[in-house]
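A short worksheet on the structure shown next.
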Amino acid sequence: MHRRIWNGRRFIAFILCAGLLALPAAFAGEKPAAVKDKAKTAGAEMSPEEMMAAYAKYAQPGPQHQILGSMAGNWKTVVKAWMAPGDPQVSEGRCTTSAILGGRYIKEEVTGSFMNQPFEGFGITGYDVGKKEFVGAWTDTMGTGIMFSRGSIDPTGKVLTMIGTFDDPLSGKKQTMKEVTRIVDANKHIFEIWENREGKEVKSMEITYTRE
């Protein structure tokens, strides 16, 4: 029984994917908002072909994905961490960033050291066309949880600001931090983490990426 259910789901997924790839873009040239309005009337007013074409529209990468893709490559990193007021701890590492899923996301793989310990980190960042916001997830060897982030980019396309949310392993409470990525040029960008400490927003980390 379980195998039949699984095979049935796999068949449905195959049909949907085939339809998305084979059907013409019925809504080509329309703005996402217009497609969204039509999608809301799904069922009584939209045919299966129109519905699949609308979903296909959402699946297409756009200019926001191109901005993320510009950060693909191999990078040398310099990390500054402020655990307390005063001079930061400084360490170096490397990051490999690659575009995945047809340019819909970028994947970061980081190696280096932090607090005199070997460090590895992994994350993905993309742009959700439906919600019109950047989304991301990050995890590393400093813990066993995952941080999820959402945010937007400024009109220049150079400053991406996201709010990360994670569960504090000690208190069990939700915690947030602000993440700011500043694209200096094609060969350099700077990532910052800002935290709330005693009611004041302070920069706790700065990572400078220089293309190798």
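Here are the numbers for the structure shown:
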| quantity | calculated |
| --- | --- |
| Unique residue being out of contact with any Asp or Glu (no Cβ under 8 Å at 6 or more places or on another chain) and under 21 Å from residue 70 (Cβ atoms) when the list is 180, 184 | 184 |
| Matching residues in the stretch 68-121 - criterion: being in a helix (DSSP H, G or I) and in contact with a Ser or Thr (Cβ under 7 Å, 6 or more places away or on another chain) | 68 |
| Search result, residues across the stretch 166-200 that are in a strand (DSSP E or B), at pLDDT 95 or above and exposed (fewer than 12 other Cβ atoms within 10 Å of the Cβ) | 185 |
| Near pairs, Cβ below 9 angstrom, 6+ apart or cross-chain, from the stretch 69-84 (farther than 20 Å from residue 114 by Cβ) to any residue that is assigned to a helix (DSSP H, G or I) | 69/103 |
| Search result, residues across the stretch 22-67 that are modelled with pLDDT of 90 or more and assigned to a loop (DSSP other than H, G, I, E, B) | 60, 61, 62 |
| Members of the stretch 92-126 that are over 11 Å from residue 68 (Cα atoms), surrounded by 16 or more Cβ atoms within 10 Å (Cβ to Cβ) and touching a Pro at 6+ places or on another chain (Cβ under 9 Å) | 112 |
| Flag for residue 142 being assigned by TED's automatic domain parsing to the domain that holds residue 115, of a type in the set (A, V, I, L, M, F, W, C) and in a loop (DSSP other than H, G, I, E, B) | yes |
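The values are calculated or read from the model by the stated rules, or taken from the named source; none is laboratory data. As the structure is a prediction and not an experimental result, all values here were calculated from the model. Cβ atoms come from the backbone with ideal geometry, glycine included; neighbour counts cover every protein chain shown.
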